[in-house]
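Okay, structure first, notes after.
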Amino acid sequence: MPPSPPPPPRPPPQTAEIPLDLYPTDDDLQYEEEILRNPFTLKLWWRYLIACSSSPFKKRSLIYERALKALPGSYKLWHAYLTERTRSARSNPVNHPCWSSLNNAFERALVTMHKMPRIWIMYLSVLTHQKLLTRSRRTFDRALCALPVTQHDRIWSPYLAFVSQKGVPIETALRIYRRYLLFDPTHIEDFIEFLIESELWQEAAERLAGVLNDDRFYSIKGKTKHTLWLELCELLTKHATEVSGLNVDAIIRGGIRKFTDEVGRLWTSLADYYVRRGLYEKARDVFEEGMSTVVTVRDFGVIFDCYTQFEESALAAKLATMDLEGDGVEEGGDKFAKKVLDGYWLNDDDDADLRSARFEYLLNRRPELVNSVLLRQNPHNVEQWHRRAKLFQDDPTKQIMTYTQAVRTVDCMKAVGKPHTLWVAFAKLYEKHGDMANARVIFEKAVQVNYKTVDNLASVWCEWAEMEMRHNNLMGALELMRRATAEPSVEVKRRVAADGNEPVQMKVHKSLRIWTLYVDLEESLGTLESTRAAYERILDLRIATPQIVINYAYFLEQKKYFEDAFKVYERGVKIFKYPHVKDIWVTYLSKFVKRYGRTKLERARELFEQAVEKASNAVLMHSVAPAENVKAIYLQYAKLEEDYGLAKRAMKVYDQAAKAVPEAEKMNMYEIYIARAAEIFGVPKTREIYEQAIESGLPDKDVKTMCLKYAELEKSLGEIDRARAVYVFASQFADPRTDQNFWAKWHEFEVQHGNEDTFREMLRIKRSVSASYSQTNLILSEYLMQKEDIGDALKQAGVTEDEMAALERQLAPPPIDASSNDGMRKLGFVSAGVEGQSGVVLTPDGGRKVTANQEDIELPEESDSDEDEKVEIAQKDVPSAVFGDLAQKVSSDKDEDEVAGQNGDDSRLGALERIKRQRRQ
């Protein structure tokens, strides 16, 4: 073989030109010398890099490369180098060569730094920024292979963020997510959200269903099973055509059974699923089933609104289709051909009327459906059953079915309302349509029901009897009441006691309502003996009321059994107490007085005394407001004495009444007392009553009013000084600033009957009273302020409450009205009967006070002669009011007695006078 030719000579090496700024400076020489001596010391390289921090990056990169060549395993150098290179490359586009050199630097670093997750993360972020999908995916996989499993979570977070970007293939993202779920299955919710965002409905539904079937699943996002179930239902219904392989009906129905707070929403979701699948009749069935099973009005409202929208949209779609078809179909076409079999339409495209009828029928059924929901909430609600029956008022058959279902369903012990009204309304329904036989059957069953209260059963008996009376079966009604009031036999009681559960039928014979109707029927239809037996039975059972007693007595009075009627009243007043017995007493006393009048006066007085005594005892026993009830009895008592008894006894009764009535009635009672005394005994007799009223403890306002009336009385009798004394006494109760009426009357009185001195005295008293009221208000305000200050000071000083109370009593202003020595009579008041002659009034302390006019009176000189001329004094007739009616009655009685004595009639004479006349004869 010929020898091969020699190789061509190599060209001489060309030296690259290095910029001058990359050469070490004089300041860098010391660092270079240290590095030459110790090239494997990190500290020296790091000091060199810090010193060159202001140098260009190229120079620093050369230093980094030299340092990493000497120390390739230094994480600190690699991290700082890669960070600076990444920062410098960020300002360049992704297609710049610097990014390629940066990737090479990361690859070189990972030769020794492949166990450092931070280097991997920096490299992956750089690749993600460059949009290098394949290289990034492979690098992520390399990182997961290189790092231990405990640090994989640091890689998966950016990995998932990378595959979630737009432009990443869906299949790639799915495979990566599935691998991630093998690493951490708890993040299945993130995968499901990714599937939903990627519109992978089938796998999203399967994964979501698997999560719900996993009992050990725990949501890291805080979602409940209920929330996930609603998401699955929404996913299945909105994408019914895209999801297959799942039993949607079973899934949603399972949620309906498990989650009861969103039943309405789940039912509408299931119906929406069938609507989207085009199964409209199945959707209607679901809507109907949902409305017939929900138990809350809120869920019903949700389903009903969706149902109405569905029917309305179906009708609107059909009408729109018919309009379009009517415009484009020629006459005689086969599209509207109808298939007929035996006269029935089998297929008719024009079903708009049917859809419209469905829609109207649904709207009309709403009240019935709502009532059904309320009855499912509480089937023992009586009022809802009545409303349901009222909805079918035009359909008696449905009403009968409703009441039949109601009486079978409602438990009387759990019923809300009155369950007996269902039976009554049921019977009245048959009565309304003329079926009395069935109405009686219903009532017969109704009285056998064990109600919760006796009143319910009594109402049924009464309604049954009233129905019989409406149809003129009066004796049948009477027999029903006798049957209702019959007491159970001893054998029945023993049997019920053995069972331990006593029904209301054992106690209905004590119902006052039944007995009231029974005695009314007995009074109208029965005999005297049967009616009395019924009333006596009521009294024996101790269920009578005051009105029953009064009715019984009135019935006997109508039958002319007056003494028996009074015996009934006697039993009534013994049974009842105040205040219930008041009506019995008033009726009893009025009836007794009306019948016997003067003939049995003593017995009437005993009855009145007994009534008053019981009322007084009731007051002492703190009964319920008996004092208001005693006034009528006292007035009746006084009227008796006035008409048939003695006037003094009548005045005594009025006096007792004025003391016994409550404070609010005292003034009115004293006015009646005064009026009757003036009419019977004359006006002067009323002075003592006025004094008693003033001293009886009436309020200041009433005392002032009574004083004004007293002064008017004295003025009418000509007792000017006594009237002035009453005005003086009453002035202490009249504040001149507020009570102008009193002072105006006193002023008018002084102008008419007084003189200059008395008028000045009135003005002085007015100023004094005004000053006392002003001083009282001032002292009271200062006392309250001082009380607060002293109380706070004493509390700070630690003084007890008892000592504080003693100090308050010392600081309290003295009372304005000082009581007299006897504790009853008020100072300054002039009492009748203590006035002596010559206008001298005896004071309570035994002194004498001159109240006559102090003007000088010139008297003529006395004459000893008996022959002085006689002075004729003008006489003035005494007013007839001074004597009263009693004097007139006495004079008329005397005249009648004289006439009777002359005629020999002794019937009107008193007992003593008749005895004397017999002796004279």
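Let me spell out the model: positive unit charges on the Cβ of Lys and Arg, negative unit charges on the Cβ of Asp and Glu, origin at the Cα centre of the range 208-307. What dipole size does that give, in debye rounded to 20?
On the way: 14 positive and 15 negative charges, 57 e Å.
Charge dipole of the range 208-307: 280 debye, to the nearest 20.
Counting only residues 5 or more places away or on other chains, whose amide H sits under 5 Å from the amide H of Asn381 once H atoms are built in the peptide plane?
Placed amide hydrogens put Val416 under 5 Å from Asn381.
What is the spread of the Cα atoms of the range 399-547 along each of their three principal axes, largest first, in whole Å?
Ordered largest first, the range 399-547 gives principal extents of 46, 41, 29 Å.
Per residue, how much accessible area does the range 266-305 have with a 1.4 Å probe, in Å²? List each step's numbers first, then the result.
Numbers: 1750 Å² over 40 residues.
Value returned for the range 266-305: 44 Å² of accessible area per residue.
Carbon and sulfur atoms: what percent of the 1.4 Å accessible area of the range 192-264 do they account for?
In the range 192-264, the share of accessible area belonging to carbon and sulfur is 48 percent.
From the protein chains alone at 1.4 Å, what is the descending order of accessible area for Asp299, Asp411, largest first?
Asp411, Asp299
Which order, highest average first, do 587-600, 26-39 follow once you tally other Cβ atoms within 10 Å for each residue and take the mean per peptide?
587-600, 26-39
Roughly speaking, what is the stretch gain from Thr241 to Ser530, that is 0.36 nm per residue apart minus the C-alpha to C-alpha distance, in nm to one decimal?
On the way: separation 289, 0.36 × 289 = 104.04 nm, distance 8.54 nm.
Going from the current span to full extension adds 95.5 nm.
Suppose all protein chains stay in the model; what accessible area per residue would a 1.4 Å probe give for the range 451-543, in Å²?
Roughly 51 Å² per residue, with all protein chains present.
Starting at the first residue of the range 82-97, write each ³J(HN,Hα) from the Karplus equation 6.51 cos²θ - 1.76 cosθ + 1.60 with θ = phi - 60°, in whole Hz, x for Gly and Pro.
Calculated HN-Hα couplings, in order: 5, 5, 5, 5, 5, 5, 6, 7, 5, 7, 10, x, 5, 8, 6, x Hz.
Roll a 1.4 Å probe over the protein chains and send me the accessible area per residue for the range 668-743 in Å².
Ligands and nucleic acids excluded, the result is 37 Å² per residue.
When the accessible area of the range 13-129 is split by element with a 1.4 Å probe, what percent falls to carbon and sulfur? Spell out each step's value before the answer.
Numbers: 4020 of 6900 Å².
Looking at the range 13-129 in its full context, I get 58 percent from C and S.
Accessible surface of Phe608 in the full protein assembly, 1.4 angstrom probe, to the nearest 10 Å²?
Roughly 0 Å² of Phe608 is accessible to a 1.4 Å probe.
Taking θ = phi - 60°, what integer Hz values does the Karplus form 6.51 cos²θ - 1.76 cosθ + 1.60 yield along the range 242-257, in sequence order, with x for Gly and Pro?
8, 9, 9, x, 10, 7, 4, 4, 5, 5, 5, 5, x, x, 5, 6
Pull out the extension gain between Gln610 and Ser88, defined as 0.36 nm times the separation in residues minus the alpha carbon to alpha carbon distance; nm, one decimal. Walk me through the numbers on the way to the answer.
Details: separation 522, 0.36 × 522 = 187.92 nm, distance 12.10 nm.
175.8 nm is the gain from fully extending Gln610 to Ser88.
Filter Lys418/Lys574; Lys318/Lys390; Lys639/Lys685; Lys666/Lys766 down to the pairs with a C-alpha to C-alpha distance above 26 Å, please.
Details: Lys418/Lys574 36 Å; Lys318/Lys390 36 Å; Lys639/Lys685 19 Å; Lys666/Lys766 29 Å.
Exceeds cut-off: Lys418/Lys574; Lys318/Lys390; Lys666/Lys766.
Hey, which of these cross-link pairs are over 24 Å Cα-Cα: Lys510/Lys577; Lys582/Lys704; Lys59/Lys115?
Lys582/Lys704; Lys59/Lys115
What's the ranking of 278-291, 179-192 by average number of surrounding C-beta atoms within 10 Å, highest first?
Order by mean packing, descending: 278-291, 179-192.
In whole Hz, what ³J(HN,Hα) sequence does the range 600-607 give by Karplus (6.51, -1.76, 1.60; θ = phi - 60°), x for Gly and Pro?
Here the 3J(HN,Hα) series is 10, 5, 5, 5, 4, 4, 4, 5 Hz.
Which of the listed residues, Thr404, Val449, Thr485, is farthest toward the dipole's positive end in the range 354-492, when Lys, Arg count +1 and Asp, Glu count -1 at the beta-carbon?
Thr404
Which percent of the accessible heavy-atom area of the range 495-547 goes to carbon and sulfur, probe 1.4 angstrom?
47 percent
Just how much of Thr25 is accessible, in Å², when a 1.4 Å probe is used and the result is rounded to the nearest 10?
60 Å²
The values are calculated or read from the model by the stated rules, or taken from the named source; none is laboratory data. Just so you know, these numbers come straight off a predicted model, no measurement behind them. Don't worry about glycine lacking a Cβ; one is built from the backbone with ideal geometry, like all the others, and counts go over all protein chains shown. Just the protein is used for accessible areas: all its heavy atoms, side chains included, with ligands, DNA and RNA removed. Shrake-Rupley method; radii C 1.70, N 1.55, O 1.52, S 1.80 Å.
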